[in-house]
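Asks: Pasting a structure here, questions to come.
The values are calculated or read from the model by the stated rules, or taken from the named source; none is laboratory data. Computed from a prediction, not measured in an experiment: that's the story for all the values here. Methodologically, a virtual Cβ is constructed for each residue, glycine included, from the backbone with ideal geometry; neighbour enumeration extends over all protein chains shown.
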Amino acid sequence: MRRGIDMLAMRLGAMIGHGLDELTLTTNGMRLAEYAPMLATAGVRRINVSLDTLDPAAFRHITRVGDIDVALGGIAAARAAGIAVKINMVALAGLNEDQLLPMLNYCAASGCDLTLIETMPLGEVESDRSDHYIPLHHFIAPLREAHALYPVDKRTGGPAHYFAIEDSPVTLGLITPLSDNFCATCNRIRLTVEGRVYMCLGQDDHVDLRAALRGAGDVDGLIDLALAGKPRAHDFHIERKSTPAVARHMSATGG
């Protein structure tokens with residue numbers, strides 16, 4: 001979607017080992033088959049692909065425009081390019097509860113890991129998220145009936161807790177912003193394409209890094225201010241019907 005993504009990836013990738021630990025990407029996979037070789041050349045070694053279901057009709061309903069075959073082709077291309085792939089699957093009551101075990105089997109067959117995420121009240125959408133919210137401990141009940149889960153000592157800088165799955169090569173991650181809040185250990189700030197640094201997905205407080213860069217402002221001071229201003233918790237209340245915590249969508253904030 002971004003013009004010049006190859007140049008951006010190459011310039012960022014050149015910083016790996018020089019102040020940058022790693023370069024990763026979260027994508028819906030619609031252009032992944034085209035760009036996977038370039039991403040691998042740029043130094044991307046792992047990516048996240050948002051994939052909530054393997055059912056073609058459900059996939060089109062959830063994404064509104066997506067083609068499941070294109071996404072799966074992109075994942076295959078990334079794996080062929082030597083990029084590790086983790087599937088991000090948002091748990092959606094009434095939409096994909098029957099897809100967890102098929103997704104696990106797909107991940108095992110394709111060499112991917114799997115992370116499950118509780119849906120969050122971000123941005124205005126057609127359906128009320130409270131209609132589709134399901135705590136992950138309910139969503140994974142069929143998995144626990146079929147396989148034992150064992151906690152593993154793995155960290156990727158994000159909020160997920162990781163588990164090994166009995167009789168499966170897949171590492172399972174669980175992200176629970178609502179049922180098991182992790183705000184106390186969150187270490188993330190997010191830079192948008194407009195140059196705004198948000199300290200929390202569920203808050204609107206931000207600093208304007210672009211204005212500081214263009215006006216020769218105190219960039220280091222602004223980043224320090226952002227870090228010091230991280231809120232104690234988000235403002236998600238999905239258990240009751242209400243307006244989203246923030247109007248911007250996740251895609252507008254970035255990973």
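Asks: Show the residue pairs that are 6+ apart or on different chains and have beta-carbon atoms under 9 Å apart, the first residue being within the range 96-117 and assigned by TED's automatic domain parsing to the domain that holds ARG46 and closer than 22 Å to PRO135 by Cα, the second being among the charged types (D, E, K, R) and surrounded by fewer than 18 Cβ atoms within 10 Å (Cβ to Cβ).
Replies: Matching pairs, first to second residue: ASN96/ASP55; ASP98/ASP55; GLN99/ASP55; PRO102/ASP55.
Asks: Right, another one. If you take just the strands (runs of 3 or more DSSP E) that sit entirely in the range 7-91, which of them hold at least 2 residues that are buried (at least 20 other Cβ atoms within 10 Å of the Cβ)?
Replies: 46-50, 84-91
Asks: Pairs needed: first member in the range 67-89, without any contact (Cβ under 8 Å) to a residue 40 or more places away in the chain; second member anywhere, among the acidic types (Asp, Glu); C-beta distance under 8 Å; at least 6 residues apart or different chains.
Replies: Listed pairs, sorted by first residue: ILE68/ASP55; ALA84/ASP113; VAL85/ASP113; ILE87/ASP113; MET89/ASP52.
To keep it simple, each residue is scored yes or no on (1) out of contact with any Ser or Thr (no Cβ under 8 Å at 6 or more places or on another chain); (2) under 23 Å from LEU191 (Cα atoms); (3) polar (S, T, N, Q).
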| residue | (1), (2), (3) |
| --- | --- |
| GLY4 | yes, yes, no |
| ALA14 | yes, yes, no |
| GLU22 | yes, yes, no |
| PRO37 | yes, no, no |
| GLY43 | yes, yes, no |
| VAL49 | no, yes, no |
| LEU54 | yes, no, no |
| ILE62 | no, no, no |
| ALA71 | yes, no, no |
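Asks: Just to be sure, is ALA57 without any contact (Cβ under 8 Å) to a residue 12 or more places away in the chain and either aliphatic (A, V, I, L, M) or within 29 Å of GLY13 (Cβ to Cβ) (or both)?
Replies: Numbers: without any contact (Cβ under 8 Å) to a residue 12 or more places away in the chain: yes; either aliphatic (A, V, I, L, M) or within 29 Å of GLY13 (Cβ to Cβ) (or both): yes.
Spelling it out, ALA57 is indeed without any contact (Cβ under 8 Å) to a residue 12 or more places away in the chain and either aliphatic (A, V, I, L, M) or within 29 Å of GLY13 (Cβ to Cβ) (or both).
Asks: Scan the range 160-182 residue by residue and report those that are surrounded by fewer than 20 Cβ atoms within 10 Å (Cβ to Cβ) and assigned to a loop (DSSP other than H, G, I, E, B).
Replies: GLU166, ASP167, SER168, PRO169, THR176, LEU178, SER179, ASP180, ASN181, PHE182, listed by residue number.
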